[in-house]
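See below for the structure under consideration.
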Amino acid sequence: MQSKLQTKLLLRKIAASRGRFIAIVLIILLGVLLFVGIKSAGPDLYKNARIYLNTQHASDVQLVSTAGLTTKDEELAQRVQGAVVEAEKIVTTVDTDSKHLLQFYSYSAERQLNLPRLTKGRLPRSANEVVVDDLAREEKEYRIGENVKVQTDLLKEQSYKIVGFVTSPQFVNKHSRPSSSQGTVDYFVYLRQNNFTQREPSQISFRFNRLAALNPFKDDYQTQVAQETKKIKQVFSGRAEARQDSLLKKIAAQLKQIEQSQKQLTAAKAQITAASGGRQSTTPELTAQQQQLDRAFSQLNANKQSLTDHPVKYQLNERTALSGYSAYGDLSEQISVIADVFPLFFFLIAILITFTTMTRMVEEERTQIGTLKALGYHRREIERNYVFYALIAAVIGIVLGSVIGITTLPKIVTRMMANMFVFKETTVTFEWLTILLAVLLALFATLGAVLLVTYRELREKPANLMLAKTPKVGKRILLERIKPLWSRLSFNRKVSYRNLFRFKSRMWMGIVGIAGGAGLILTGFGIRDSIAETSVRQFDQVISYRAISAITENTDQDKLASILAKETKHESHLPVHSESVTIKNKKQTIESVNVMVPTAKADFDRYLKVNAKLTNEGVLLSRKAASLLHVKRGDTFNVVNGDNQTVRVKVAAVAENYLGHFMYMTPSYYERVMKSKPAVNSWLLKYDQLSANQEDNLGHKLLEDAQVVNVSFVREQKKVLDDQIANLGPIVAVFILLSGLLTFVVLYNLTNINISERIRELSTIKVLGFFDREVTMYIVRENIVLTIFGIILGVAFGNGLLWFILRQAMTDEVIFPLTIGVVGYVTSILLTIVFTIIVMLVTHRKLKGIDMIDALKSNE
């Protein structure tokens with residue numbers, strides 16, 4: 001009988017307070033949805049990448065050489081223990097029809113590493129068939145059945161039929177392609193291996209199967225790969241010197257052979273001269289042979305000089321060197337960091353509001369608890385009613401939040417990333433630890449609150465519980481002491497302000513709830529704006545040049561300048577020395593720091609605006625590098641150059657820079673510390689705005705000159721970063737949407753609690769003759785004040801939370817400046833105001849339906 005009564009009371013309680021019950025469910029649902037859903041996205045991103053890289057047998061390390069590789073290198077590679085080794089041939093050439101720069105990779109059915117993944121069509125079966133980069137299909141540049149036509153001696157055929165499209169683990173970013181000596185590659189192509197005329201491989205790939213289970217973007221994997229790279233270096237120790245000696249000996253032998261041929265040719269000329277009676281004479285054949293020998297002699301001497309100036313180097317490239325690979329890791333890390341911070345604060349606010357709601361619900365029913373206790377019900381039986389109420393609300397919120405969160409948010413994130421990267425979406429991962437944590441937090445907010453309050457209430461005697469709590473004694477508030485202001489307020493306003501300060505817990509709960517929601521909305525906009533600002537500041541404010549042209553050190557600069565002079569939109573250029581170094585101190589080492597030494601110190605500010613002046617007393621070090629090394633103006637640190645020479649330099653100033661690590665110095669300071677003059681090997685180019693096609697044409701014109709090694713455009717770098725920013729857009733939109741919903745539900749719930757706690761008070765003023773609008777304003781006026789203070793605190797909270805998230809999300813090479821645009825501030829404030837107005841309208845309708853007689857009945 002008692003059980004049936006309790007069940008009826010429970011169902012009646014849910015029905016009578018369905019607005020509050022639904023609000024509790026929604027708050028728990030939103031908190032769990034974002035907490036579980038977004039935190040599951042990071043592991044899914046890493047899992048998708050790991051599955052793709054393992055399925056396609058992506059290499060961990062690749063070996064290349066400035067002088068090419070040989071069969072001897074292949075033999076050495078096979079000695080690396082635990083490695084799957086494969087050599088491949090690569091040819092870069094232009095499609096004669098479309099003018100696209102294509103990079104051909106050797107393919108065979110026995111291929112073991114870096115396997116292409118078919119997206120449409122089929123793989124090559126015959127010698128004249130190829131598969132092309134899937135990016136070409138997306139951009140509708142090639143179709144199955146069309147031909148790719150080339151003109152190169154490095155391939156046997158000059159026309160190949162397209163039979164399919166593929167992605168490759170060597171090109172994980174769908175839209176980012178590497179640069180070559182002929183320019184930026186447009187698309188890659190896989191071609192049957194027997195079509196290559198070259199006998200020696202272009203690169204050798206290594207894969208270590210024991211690393212397959214590791215997350216390929218985490219430190220553990222990087223550490224393991226570094227250890228394997230050391231093993232490869234040991235195997236190839238001294239190989240560069242041996243290859244250098246071999247090439248020099250080969251050149252010496254060829255020069256000797258030319259000398260012998262020259263002697264034979266001289267003898268032949270002497271015979272002809274003798275036969276002609278001593279008159280100097282020759283034949284067209286001998287003249288042609290002489291010219292051929294002269295050209296070969298000049299070319300061999302040039303090759304010998306080049307080897308002397310630039311000794312052979314063997315370079316090991318880990319996966320991080322692949323185009324777009326690091327970008328995916330950085331973006332996934334940023335999403336994971338944001339997912340660790342933003343949803344947690346979101347959930348904490350949801351828990352705070354839920355805890356308060358459940359606490360007040362129990363406190364409102366003191367009389368019922370006292371009655372049941374007086375009738376002889378055991379405390380567990382009385383508690384059970386509220387426990388089940390809390391459990392039902394919590395379970396519904398947890399289940400719906402978990403299911404919706406796990407099945408929607410990770411898919412939104414992974415599909416978004418799939419638009420930019422080759423890693424495909426796989427099955428959703430259930431992060432059980434995250435789900436368990438969400439369950440515990442949700443139960444604490446509901447069940448924990450119920451148990452705490454019922455325990456406290458049931459300690460009192462039934463007679464005390466059956467009496468309504470004595471209202472708090474009214475006190476003078478701060479505003480009353482400001483008599484000129486207080487005397488001008490209407491009676492209704494005075495009552496509202498007194499009520500606010502009389503019930504401080506209610507006031508602070510309202511302010512915290514509104515501030516939390518408004519702050520989260522603002523944070524969402526701030527994440528978007530701050531990351532976007534990195535691109536704006538780096539490429540629009542710091543960098544003033546539009547392209548970098550890498551040139552050989554013996555370039556005829558006047559000739560190159562004449563080529564640029566023909567370009568009508570070309571403004572100017574700045575010759576610089578550029579090289580990559582490693583910088584370090586006792587605590588930190590930073591690799592791949594770009595050193596830039598301009599020839600004209602006075603012109604430096606026209607090309608780079610780093611808020612610091614070049615000086616002969618030290619270097620300008622970019623802000624992120626200075627932060628990682630913990631150095632400031634006047635400090636010193638070590639620099640290790642490409643020749644493994646270590647020098648110590650002084651920080652003259654910290655340079656403003658937001659992407660990458662840079663170090664700028666004058667030629668005088670460079671010569672002083674490096675003990676050598678900086679050789680010009682790059683030009684910074686400034687020109688009026690060019691379209692992408694115009695930049696491509698400029699690049700091709702420059703690369704026609706053999707002295708130009710490469711041309712890199714700032715537009716391409718900016719596009720890569722902008723694509724990453726665009727990928728964060730849907731995630732930020734989800735944050736803003738859910739934060740808005742939470743703000744609305746919190747406002748509605750707090751107002752609902754306020755009305756239920758003051759129903760007798762509201763009924764009293766209604767009986768006294770207050771109109772419906774005046775009764776509504778009795779509550780809404782308080783909400784307006786709470787909303788104003790909530791927005792003010794929300795702005796401060798949003799900025800603080802954004803600062804914390806950005807500090808966590810920063811990578812070793814990127815700085816995110818804290819930026820929130822006007823749109824972010826206006827939207828977060830307007831949304832909060834709109835939600836307040838909506839709640840006001842709902843409240844007005846509810847207050848119009850109050851049963852005054854029932855509400856004013858005695859509680860005794």
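The values are calculated or read from the model by the stated rules, or taken from the named source; none is laboratory data. No experiment lies behind these values; they were computed from the predicted model shown. Neighbour counts are summed over all protein chains in view; Cβ atoms, including those assigned to glycine, are modelled from backbone coordinates with ideal geometry.
Quick notes on this one:
- Given (1) at pLDDT below 90; (2) aliphatic (A, V, I, L, M); (3) more than 24 Å from ASP73 (Cβ to Cβ), number of the condition VAL189 does not satisfy: (1)
- Residue list for the stretch 245-282, restricted to those being at pLDDT below 80, among the hydroxyl-bearing types (Ser, Thr, Tyr) and in contact with a helix residue (DSSP H, G or I) (Cβ under 8 Å, 6 or more places away or on another chain): SER281, THR282
- Residues that are touching a residue at least 60 places away in the same chain (Cβ under 8 Å) and of a type in the set (Gly, Ala, Ser) were ranked within the stretch 126-157; the one that is farthest from LYS99 (Cα to Cα) is SER126.
- Residue check for ALA679: more than 28 Å from ILE531 (Cβ to Cβ), surrounded by 20 or more Cβ atoms within 10 Å (Cβ to Cβ) and touching an Asp or Glu at 6+ places or on another chain (Cβ under 6 Å): no
- Within the stretch 54-96, no residue satisfies the criterion of being free of Cβ contacts under 8 Å to residues at least 12 places away in the same chain and either on the phi > 0 side of the Ramachandran plot or among the hydroxyl-bearing types (Ser, Thr, Tyr) (or both).
- Pick from the stretch 83-115, criterion charged (D, E, K, R) and in contact with a strand residue (DSSP E or B) (Cβ under 8 Å, 6 or more places away or on another chain), ranking: farthest from SER205 (Cα to Cα): ASP97
Residue-by-condition table, conditions (1) in contact with a Gly (Cβ under 9 Å, 6 or more places away or on another chain); (2) outside any helix (DSSP H, G or I); (3) surrounded by fewer than 18 Cβ atoms within 10 Å (Cβ to Cβ):
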position: LEU485; (1), (2), (3): no, no, yes
position: LEU489; (1), (2), (3): no, yes, yes
position: ARG498; (1), (2), (3): yes, no, yes
position: SER530; (1), (2), (3): no, no, no
position: ALA561; (1), (2), (3): no, no, yes
position: HIS573; (1), (2), (3): no, yes, no
position: ILE590; (1), (2), (3): no, yes, no
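- Verdict on SER176 being touching a residue at least 12 places away in the same chain (Cβ under 8 Å), touching a helix residue (DSSP H, G or I) at 6+ places or on another chain (Cβ under 7 Å), of a type outside the set (A, V, I, L, M) and closer than 30 Å to ALA547 by Cβ: yes
- Filtered residues of the stretch 806-818 (kept if touching an Asp or Glu at 6+ places or on another chain (Cβ under 9 Å) and part of a helix (DSSP H, G or I)): GLN808, ALA809
- Residue in the stretch 283-290 that is polar (S, T, N, Q), on the phi < 0 side of the Ramachandran plot, at pLDDT below 90 and not in a helix (DSSP H, G or I) present: yes
- Filtered by the rule that a residue be touching a strand residue (DSSP E or B) at 6+ places or on another chain (Cβ under 7 Å) and either of a type in the set (Lys, Arg) or under 19 Å from GLN170 (Cα atoms) (or both), the stretch 125-135 gives VAL130, VAL131, VAL132, ASP133, ASP134, LEU135.
- Looking only at residues of the stretch 53-67 that are of a type in the set (S, T, N, Q) and in a strand (DSSP E or B), we find that the one that is farthest from GLY324 (Cα to Cα) is SER65.
- Looking only at the stretch 410-462, and only at residues there that are hydroxyl-bearing (Ser, Thr, Tyr) and over 16 Å from ALA393 (Cβ atoms), the one that is surrounded by the fewest Cβ atoms within 10 Å (Cβ to Cβ): THR427
- Within the stretch 68-105, being hydroxyl-bearing (Ser, Thr, Tyr), in a loop (DSSP other than H, G, I, E, B) and under 37 Å from the mean Cα position of the chain (by Cα) holds for one residue alone: SER98.
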